[in-house]
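Structure record follows, encoded as structure tokens.
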Amino acid sequence: MPRVSQEQAKLNRQRVVEVAATLFRERGLHGVGVADIMGAAGLTHGGFYGQFANKDALVAEAFDTALVNNRRGSAETLVTKYLSLAHVRAPGIGCPIAALANDVAREAPDSPIRSRFTHGVRGLAALVADAVSKRAKRKQERVLSSLSTLVGAVVLARAVDDEDLAEQILAAARASIGGGTPEAESLAYTATVG
């Protein structure tokens, strides 16, 4: 079997991380295995341990990649994009915080993914802070409330089987936070992630 060049190995690793970031958000941390990820990346299962110490190492790196990829755009469009049916319908390319909160909550307290998740929540809270009025009293309280509304609305909208109710949940959250109009949501989200 010919050896893979360092450049190809780097590209393969990045492909595995990107595929894992999508699959973890779509299926959950325990809903997809190493063989599934490697197969979806077009690689063999045997190559995994040459690239990663274990699945947890891949989870942490995939989570970081998902956060970075999901942070495109401005603070002004954050609420509109986040609270859109386009975001709800596409967990694989959406916010890893909304997609993985339940899974991460079940991880051990000292798990590296919990640390990464906490860092991600702080980063999203900073983006929300930029989107929230600078004149608000008790700004940190309002930021955390807005962040909770963002994530909670997307989690609920993904879980219900009634699209009208899902849109009502998202609209109520947008109104609560002062986000944009539903007409702009799909276009704004698609432009950011697409």
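The values are calculated or read from the model by the stated rules, or taken from the named source; none is laboratory data. Quantities reported herein were computed from a predicted structural model and do not represent experimental measurements. Cβ: placed from backbone, ideal geometry, glycine included. Neighbour counts: every protein chain shown. To get the accessible areas, we keep the full protein, side chains included, count just its heavy atoms, and leave off ligands, DNA and RNA. Shrake-Rupley method; radii C 1.70, N 1.55, O 1.52, S 1.80 Å.
For the condition of a type outside the set (A, V, I, L, M, F, W, C) and part of a loop (DSSP other than H, G, I, E, B), what is the one hit in 72, 13? One residue alone meets the criteria, 72. Scanning region 16-53 for residues that are assigned to a loop (DSSP other than H, G, I, E, B) and of a type in the set (Phe, Trp, Tyr) yields a total of 1. Counting only residues that are touching a Pro at 6+ places or on another chain (Cβ under 9 Å) and among the hydroxyl-bearing types (Ser, Thr, Tyr), region 66-109 holds 2 of them. Taking region 85-97, which residues are open to solvent by less than 10 Å² (accessible area, probe 1.4 Å) and hydrophobic (A, V, I, L, M, F, W, C)? Residues satisfying the conditions are 95, 97. Every test in (1) among the hydrophobic types (A, V, I, L, M, F, W, C); (2) open to solvent by 10 Å² or more (accessible area, probe 1.4 Å); (3) at pLDDT 90 or above is passed by residue 78 save one, and that test is (3). The selection criterion, being touching a residue at least 40 places away in the same chain (Cβ under 8 Å) and either open to solvent by less than 20 Å² (accessible area, probe 1.4 Å) or not charged (D, E, K, R) (or both), holds for residue 101. Among residues of region 104-124 that are closer than 22 Å to residue 31 by Cβ and free of Cβ contacts under 8 Å to residues at least 40 places away in the same chain, those with a beta-carbon under 8 Å from a residue that is of a type outside the set (A, V, I, L, M) and open to solvent by less than 50 Å² (accessible area, probe 1.4 Å) at least six positions away or on a different chain give the pairs 114/107. When residue 107 is tested against the conditions (1) assigned to a helix (DSSP H, G or I); (2) open to solvent by less than 70 Å² (accessible area, probe 1.4 Å); (3) of a type in the set (Asp, Glu), the lone failure is (1). Filtered by the rule that a residue be out of contact with any Asp or Glu (no Cβ under 6 Å at 6 or more places or on another chain), among the β-branched types (Val, Ile, Thr) and open to solvent by less than 70 Å² (accessible area, probe 1.4 Å), region 1-59 gives 16, 19, 22, 32, 34, 37, 59. Selection within region 128-154: residues that are open to solvent by 50 Å² or more (accessible area, probe 1.4 Å) and within 20 Å of the chain's Cα centre (by Cα). The member of this set that is farthest from residue 88 (Cα to Cα) is 130.
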